1. Can you tell me which residue in region A:218-246 is farthest from the chain's Cα centre (by Cα), limited to those that are among the aliphatic types (A, V, I, L, M) and assigned to a strand (DSSP E or B)?
2. Looking at (1) open to solvent by 10 Å² or more (accessible area, probe 1.4 Å); (2) modelled with pLDDT under 95, which one does A:Asp308 not meet, given that it meets all the others?
3. Counting only residues that are over 39 Å from the mean Cα position of the chain (by Cα), hydroxyl-bearing (Ser, Thr, Tyr) and loosely packed, with under 15 Cβ neighbours inside 10 Å, which one in region A:1-36 is nearest to DNA strand C (Cβ to nearest atom)?
4. I'd like to verify a number: residues in region B:116-149 that are without any contact (Cβ under 8 Å) to a residue 12 or more places away in the chain and more than 14 Å from chain A (Cβ to nearest Cβ), how many?
5. Take B:Asn102 and decide whether it is at pLDDT below 95 and more than 10 Å from DNA strand C (Cβ to nearest atom).
6. With the requirement that a residue be surrounded by fewer than 24 Cβ atoms within 10 Å (Cβ to Cβ), touching a residue at least 12 places away in the same chain (Cβ under 8 Å) and not in a helix (DSSP H, G or I), what does region B:347-361 give you?
7. Kindly check whether there is at least one residue in region B:35-45 that is under 23 Å from B:Leu117 (Cβ atoms), at pLDDT 90 or above, among the charged types (D, E, K, R) and not in a helix (DSSP H, G or I).
Number of protein chains: 2
Amino acid sequence: MTVTLADVAARAGVSAATVSRVLNGNYPVAASTRGRVLRAVEELEYVVNGPASALAAASSDLVGILVNDIADPFFGILAGAVQAELSGASGPGGEKLAVVCNTGGSPERELTYLTLLQRQRAAGVVLTGSASEDPAHARALAAGLARLSGAGTRVVLCGRPAQAAGAEPEPGSRAEPDSRAEPESGAEPECGAPLTTLAFDNRGGAQRLTGHLIALGHRRIGCVAGPAGRTTTGERLAGHRAALAAHGIEDAPRRVVHGAYDRGSGYDAAVELLRRDSELTAVVAANDTAALGVCAALRDRGLRVPEDVSVAGFDDLPFSADAAPALTTVRLPLAEAGARAGRLVTGREERPPGGRATLPAELMVRGSTSVRYP
Amino acid sequence: MTVTLADVAARAGVSAATVSRVLNGNYPVAASTRGRVLRAVEELEYVVNGPASALAAASSDLVGILVNDIADPFFGILAGAVQAELSGASGPGGEKLAVVCNTGGSPERELTYLTLLQRQRAAGVVLTGSASEDPAHARALAAGLARLSGAGTRVVLCGRPAQAAGAEPEPGSRAEPDSRAEPESGAEPECGAPLTTLAFDNRGGAQRLTGHLIALGHRRIGCVAGPAGRTTTGERLAGHRAALAAHGIEDAPRRVVHGAYDRGSGYDAAVELLRRDSELTAVVAANDTAALGVCAALRDRGLRVPEDVSVAGFDDLPFSADAAPALTTVRLPLAEAGARAGRLVTGREERPPGGRATLPAELMVRGSTSVRYP
DNA sequence: CTGTTAGCGCGTTCAC
DNA sequence: GTGAACGCGCTAACAG
């Protein structure tokens, strides 16, 4: 029923091997032969059987991208940038297909997808967003990533900290660095590709953000932290607290509420924060979306932003500049990070020294924050 | 190096076939045997080889989702909803993997991805968003879709009109409807699965939106249409014009400007519209994102929204309610559409009668539109 | 219920 | 340069 390599070979009057060589272009073939083959391919509308070639070649052209929520522009921008690089320069291996996996932030689903991608013999995997801080999951994840890279899959962590366990081989284990330096020959060491980490400076960004509010005179600053038990939440919270500590401001636990990265959570968190301390003069939100919810909650209670309460977001998503007032936030280089992850996962860019790089976070001061009016 | 079925079989003291049966669960196996096999799988950390099983079974568990721009929440919500259904109820065939393909609105890339997905022997494909109106591309696309469904791939068009060519077999071709009614037996007719269409009522939504502005007293209504030559653009523009015509308002071509679905395009388009007619009292934008750009352009020129100029968007993306003023727009049931497309493409939902359904578009009146102040 | 036997379609040695 | 084999890892008939 469906056209195969053999059919094309018969049509072109050559062997299947020759057709394969023409199609993969990795072997010399006479120009005239190549022409006949290509014509036969056209005429028969032949389409390579991916699974079959993946089986024979022991590798596929699938690249997995794990995201917490594809409907969230944060991940959409990241995934889009990765994907653009995959289909961009069709370098070694040609066009790669992006497999976007929505984990919903669930560590279990994360592991499930990792297995699914390993099953597909994915060429690479990019994990984005925050990770669970639960030690058991961290261990399971590290094991899963180790299995993947052991199978030759390139792994890139994008926007999350390096894996604690087994991320990098101990430096000491490479006993004699120079004595038997491995030649450039073999593509990948059999032990598997080491994973690369692209982290955001969440801590620094959060610290500068809260520092900005403090500089404006704010002392009672509410914090809508992200979901509990996640690395990104921890990092941003640490930055927030560092800023408070640096100015000798009490870090009241009651001024911190956890919530998801959506508008409703921001709204609810703001209500709760106000209930706990009606004297708040500023709120830093988990991200821009939550910040909009915070603003809505404040307005609904008759408070003006920023006259009564300053509000800040995080990530600098596209709509933040158009909110009213425009959101003060922290810009993360999402597109750049995704593009770089895409190049790394296809082996088109060198790994940064040490296998990890931290991307800067830039404070964007806009209208939603102002000096505290006493 | 890597563990195979045979290894598991040996470890469990059974044949490879039995292991396969246990893993696929589609065949009776003794409980004790199954236990031994499962334990061996655990111990060996065995992971199925997807390509190999896809080759043997002549089908994969990949589902393609074509989107214009994954960084755009419109498509993110759609894709997320489709994906959620894929991994949801692990019905027949179990977990499916979503392959999200970013076409960037390019018809060529659309075709390329279709071929790539056919190469992977995808179980299904969901095409979202607008399509090119170019006849040549429409024909090429129809041919590509025909090849896909001919190969047994389920195809769902989501948010775009039915394919002109070959979408549905001519009703007349089924000569005798009752005489030899095909029994429910064979899963899919060999001729291939017919494609299903889920369309949005773009035309009706646009018509109601412009009608709303007219009811508010507006007569000089600028229109930031979407990219030229695309079905969605055409439908919305048709609705806009229908509303104008219904009220005997001149449809001045100079009051229509085409642009992309982003903020910058909206901004530029608004500037151009004002240049052409500085007396405009309202603007309908291609979508909410563009509408925000329009608002920004108006503000930059000292015009207030909605006091001087009313502005309306389209799609009702999440941030629209938080813009200032909140955007009047047309709500499209994106999540519902995506979920339904996901169920259709996995065969978990019956096709609607005629293979097509139109989803309603609801007018959302908010603060960005008001009565015209003379 | 379980083992045996054939391929699935292609890449990749080898020879020629 | 090209063709003839073989095997990748698994599923799907058949037997038993």
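The values are calculated or read from the model by the stated rules, or taken from the named source; none is laboratory data. Everything numeric here is computed off the predicted structure, so don't read it as measured data. No Cβ is skipped: glycine too gets one built from the backbone with ideal geometry, and neighbour counts run over all protein chains shown. All accessible areas refer to the heavy atoms of the entire protein, side chains included, with ligands and DNA or RNA removed. Shrake-Rupley method; radii C 1.70, N 1.55, O 1.52, S 1.80 Å.
1. Going through the qualifying residues, I end up with A:Ile221.
2. Result: A:Asp308 passes all but (2).
3. Checking each candidate, the answer is A:Ser15.
4. The qualifying residues number 2.
5. yes
6. Within region B:347-361, B:Gly347, B:Arg348, B:Arg351, B:Pro352, B:Arg356, B:Ala357, B:Thr358, B:Leu359, B:Pro360 meet the criteria.
7. no
Yes/no per residue for (1) open to solvent by 40 Å² or more (accessible area, probe 1.4 Å); (2) modelled with pLDDT of 95 or more; (3) part of a strand (DSSP E or B):
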| position | (1), (2), (3) |
| --- | --- |
| A:Ala326 | no, no, no |
| A:Gly338 | no, yes, no |
| A:Leu344 | no, yes, no |
| A:Leu363 | yes, yes, yes |
| A:Tyr373 | yes, no, no |
